[in-house]
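Right, one structure below, let's go through it.
The values are calculated or read from the model by the stated rules, or taken from the named source; none is laboratory data. Quick caveat, the model's predicted, so the values are computed rather than measured. When we count neighbours, we look across all protein chains shown, and the Cβ atoms used for this are built from the backbone with ideal geometry, even at glycine.
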Amino acid sequence: MERSDGRLGLLSGAAPLDRRQFLRGVAATGVVASAGGLLAACSSSSSPTAKASTISAPKYGGDLKIGLSGSTGADTLDPNAIISYLDGARAQALYQPLAQLNNQAVMELVLAEEISPYNNSPSEWIIKLHDDVHFHNGKKLGAEDVIYTFRRIITGPAFPGKNCLGPMNVNGLKALDPLTVLVPFNSPYASFYDQLAYWYYLYIVPDGFNPKQAPNGTGPFVYQSFTPEQRSVFVKNTNFWKTGEPYVDSLTIIDFPDTTSLQDALTTGVIDAAGGFDGPQLAALGTASGVTIVPSHSGAFTPFTMRVDQAPFNDVRVRQALRLMVDRPQLIDSALDGYGVVASDVFSPYDPDFDHSLHREQDIPQAKFLLKQAGQENLTLKLVTAPATTGMVEAATVLTEQAGAAGVTIKLDNVSTPTFFGPKYLSWTFSQDFYTYTPYLTMVATAMLPTSPFNETHTNSSTLNKLYSQANATLDASVRKQIEYEMQEYDFNYGGYIIPAFSDSLDAYSTKITGYSPSAVGEPLSNFNFEKWYFV
């Protein structure tokens, strides 16, 4: 998530922490959370399928309690160093980013009122802040706080947001006035705004921020207490800059050891909402009194990862053959209990520049033909899997069965989640992973370039690298869209991912609360927008 790859082992050196949500933190505990991230149906104009809660005139008051699982054992209140869903929920309550994806997976401004190229150049950007925002200690938000945050993330101890900020010229950051920041880059970075989609690593902290002191953010809630691996208690920010919000008097975030105890807590009224369930749990919750279930179509995906630099996957015919073996609807029904949408090996379905014409179905005869052409008939493979997210091992099991129809034998190596994210993570020849939704170029920067922190496929394509640079060099939306189409076509024909499905996000709420909505991003519980929830 960002991320962490779920494990503190990575903090000490394997790779910079960055990206997916759920896997952040899970490895340390072995807790299995939901594969669902958040998005909606698979077209750029679509929206989450689950119904939003009934909106009535908001009421004030009450103590909101939410539950999550997946503590890492190294819980943090540092908003630039989050690892788990729990860390993310705390950060979203206390802090805010410049911009973020909303529940429809569309980027929108938060602390910034403008983020735009400066002098029409993709190498310089302007950030203008709202002038009515204050930190919890009363300090007014200003340009120097943004500059401090960027420098902290880029120069700090492997903060996950560093990758999102790309080729930022940290020494050239400049306050043009108290509310305006000039952001220069060492090379064109036209996708800067989209890269901020990893907002959960980019929360703005005050100049001189001290993580050892009580949190001091601009968010809707103010710190009261924090007991790692147990609970966090925050109270309403009565000076919040968004008029009328939040509605509840307090927010308590409770850590649970697993989703079974989470389910029990919701049905018995101990908590008011919970996220990260699997299909059978959501079905059971759907019959429970006083509970509303909210499944949302999601752009999150659990790819099978093929190293394109190692045999047999260094032969594109083998990669394409494996992709053609997958019966995607059957895999969704069997591995995800039907909670998913068919995908065709290309990510970011909610990006306006996503090419929806790319479509792939199971074709066993063609798969056999490609394997024979590659001299790989009766191929035997080892697939490394782990119970790191809902449906992961199940999807691997389904793939072994489907591949058998093409004469391919896949032997599963089912390791523990800590082992999966241990020293060999990102090195397995044939394996899996998990990502939440981000825009297309953001995801490319995360996993498809030689500089990417999570390049499990070891992709280093001169074609893709060149196209990525071209996309970042132009501010012309139509030109960039055509370039992104070329990139997606390349990935569709030559890539190292098998992406059978986009997984649903599975949340549940007490009927005593409302104000939430289906989430289309990557965070559970309506994107952690607790300031909008209230008791009915």
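Tally time: how many residues in the range 182-193 are surrounded by fewer than 22 Cβ atoms within 10 Å (Cβ to Cβ) and not hydroxyl-bearing (S, T, Y)? Walk me through it before giving the result.
So in the range 182-193, the residues surrounded by fewer than 22 Cβ atoms within 10 Å (Cβ to Cβ) come out as 182, 184-188, 193.
Checking which are not hydroxyl-bearing (S, T, Y) leaves us with 182, 184-186, 188.
Of the residues in the range 182-193, 5 are surrounded by fewer than 22 Cβ atoms within 10 Å (Cβ to Cβ) and not hydroxyl-bearing (S, T, Y).
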Failed criterion for F240 (all others in (1) over 26 Å from the mean Cα position of the chain (by Cα); (2) outside any loop (DSSP other than H, G, I, E, B) hold): (2)
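How do the strands (runs of 3 or more DSSP E) wholly within the range 39-119 filter down when requiring 3 or more residues that are at pLDDT 85 or above and crowded, with 16+ Cβ neighbours inside 10 Å: which remain? Steps first, answer last, please.
On the way: elements: 63-69, 99-101, 107-109, 112-118.
The strands (runs of 3 or more DSSP E) meeting that bar are 63-69, 99-101, 112-118.
I'm checking my understanding of the structure. Among residues of the range 262-280 that are modelled with pLDDT under 95 and closer than 24 Å to G73 by Cβ, which one is surrounded by the fewest Cβ atoms within 10 Å (Cβ to Cβ)?
We begin by selecting, within the range 262-280, every residue modelled with pLDDT under 95; these are 275-280.
Retained after the next criterion (residues that are closer than 24 Å to G73 by Cβ): 275-278.
Values: G275: 29, G276: 31, F277: 29, D278: 22.
In this case the residue turns out to be D278.
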Inter-residue pairs, beta-carbon under 7 Å, first at positive phi and in the range 228-240, second in a loop (DSSP other than H, G, I, E, B), 6+ apart: E229/S71; E229/G73; E229/D75
Looking at P215, P246 in this structure, which one is under 23 Å from V106 (Cβ atoms) and surrounded by 14 or more Cβ atoms within 10 Å (Cβ to Cβ)? P246
If the requirement is being more than 30 Å from Q100 (Cβ to Cβ), in contact with a strand residue (DSSP E or B) (Cβ under 7 Å, 6 or more places away or on another chain), in contact (Cβ under 8 Å) with a residue 12 or more places away in the chain and not small (G, A, S), which of these qualifies: V384, V398? V384
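Quick check: anything in the range 315-323 at pLDDT below 95, surrounded by 19 or more Cβ atoms within 10 Å (Cβ to Cβ) and not in a loop (DSSP other than H, G, I, E, B)? Step through it out loud before you land on a result.
Start the filter on the range 315-323 by keeping residues that are at pLDDT below 95, which leaves none.
Scanning the range 315-323, I find no residue that is at pLDDT below 95, surrounded by 19 or more Cβ atoms within 10 Å (Cβ to Cβ) and not in a loop (DSSP other than H, G, I, E, B), so the answer is no.
So, in the range 412-445, of the ones that are of a type in the set (D, E, K, R) and not in a strand (DSSP E or B), which residue ends up surrounded by the fewest Cβ atoms within 10 Å (Cβ to Cβ)?
Of the range 412-445, the ones of a type in the set (D, E, K, R) are 413, 424, 433.
Right, trim to not in a strand (DSSP E or B) and you get 424, 433.
Working: K424: 13, D433: 26.
So the residue we want is K424.
Picking from S517, S503, S526, S469, which residue would you name as being of a type in the set (G, A, S), surrounded by 22 or more Cβ atoms within 10 Å (Cβ to Cβ) and in a helix (DSSP H, G or I)? Let's see the steps before the verdict.
Values: S517 fails: in a helix (DSSP H, G or I); S503 fails: in a helix (DSSP H, G or I); S469 fails: surrounded by 22 or more Cβ atoms within 10 Å (Cβ to Cβ).
Residue meeting the stated conditions: S526.
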Filter pass, A288 being outside any helix (DSSP H, G or I), surrounded by fewer than 23 Cβ atoms within 10 Å (Cβ to Cβ) and without any contact (Cβ under 8 Å) to a residue 40 or more places away in the chain: yes
Give all pairs with beta carbons closer than 6 Å in which a residue from the range 323-338 that is under 11 Å from G279 (Cα atoms) meets a residue that is of a type in the set (D, E, K, R) and in a helix (DSSP H, G or I); count only pairs at least 6 apart in sequence or on separate chains. A335/E394
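Is it fair to say Y189 is part of a loop (DSSP other than H, G, I, E, B) and closer than 29 Å to A477 by Cα?
Working: part of a loop (DSSP other than H, G, I, E, B): yes; closer than 29 Å to A477 by Cα: yes.
It is true that Y189 is part of a loop (DSSP other than H, G, I, E, B) and closer than 29 Å to A477 by Cα.
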Counting just the residues of the range 366-392 that are surrounded by fewer than 18 Cβ atoms within 10 Å (Cβ to Cβ), of a type outside the set (D, E, K, R) and touching a Leu at 6+ places or on another chain (Cβ under 9 Å), which one comes out farthest from V326 (Cα to Cα)? N378
Which count do you get for residues in the range 251-266 that are under 13 Å from A288 (Cβ atoms) and either in a loop (DSSP other than H, G, I, E, B) or of a type in the set (D, E) (or both)? 1
Restricting to the range 53-85, what's the tally of residues that are farther than 22 Å from F240 by Cβ and either in contact with a helix residue (DSSP H, G or I) (Cβ under 9 Å, 6 or more places away or on another chain) or without any contact (Cβ under 8 Å) to a residue 60 or more places away in the chain (or both)? 14
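Does the range 479-498 include one or more residues that are under 19 Å from the mean Cα position of the chain (by Cα), aliphatic (A, V, I, L, M) and closer than 25 Å to Q281 by Cβ?
Initially, the range 479-498 is screened for residues under 19 Å from the mean Cα position of the chain (by Cα), giving 497-498.
Still in the running and aliphatic (A, V, I, L, M): 498.
With closer than 25 Å to Q281 by Cβ added as a condition, the list becomes none.
Scanning the range 479-498, I find no residue that is under 19 Å from the mean Cα position of the chain (by Cα), aliphatic (A, V, I, L, M) and closer than 25 Å to Q281 by Cβ, so the answer is no.
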Take the conditions touching a residue at least 12 places away in the same chain (Cβ under 8 Å), assigned to a helix (DSSP H, G or I) and farther than 20 Å from R307 by Cβ and apply them to Y490. Does it pass? no
Kindly list, by first and then second residue, each pair from a residue in the range 245-258 that is over 16 Å from L525 (Cα atoms) to a residue that is surrounded by fewer than 19 Cβ atoms within 10 Å (Cβ to Cβ) and at pLDDT below 95, limited to pairs with Cβ atoms under 6 Å and residues at least 6 apart or on different chains. Y247/P58
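Considering the range 267-280 alone, what residues qualify as being touching a Phe, Trp or Tyr at 6+ places or on another chain (Cβ under 9 Å) and in a helix (DSSP H, G or I)?
Going residue by residue through the range 267-280, those that are touching a Phe, Trp or Tyr at 6+ places or on another chain (Cβ under 9 Å) are 271-276, 278-279.
Listed by number, the list holds a single entry, G279.
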Tell me yes or no: at least one residue of the range 150-158 is touching a Cys at 6+ places or on another chain (Cβ under 9 Å), modelled with pLDDT of 95 or more and within 30 Å of E484 (Cβ to Cβ). yes
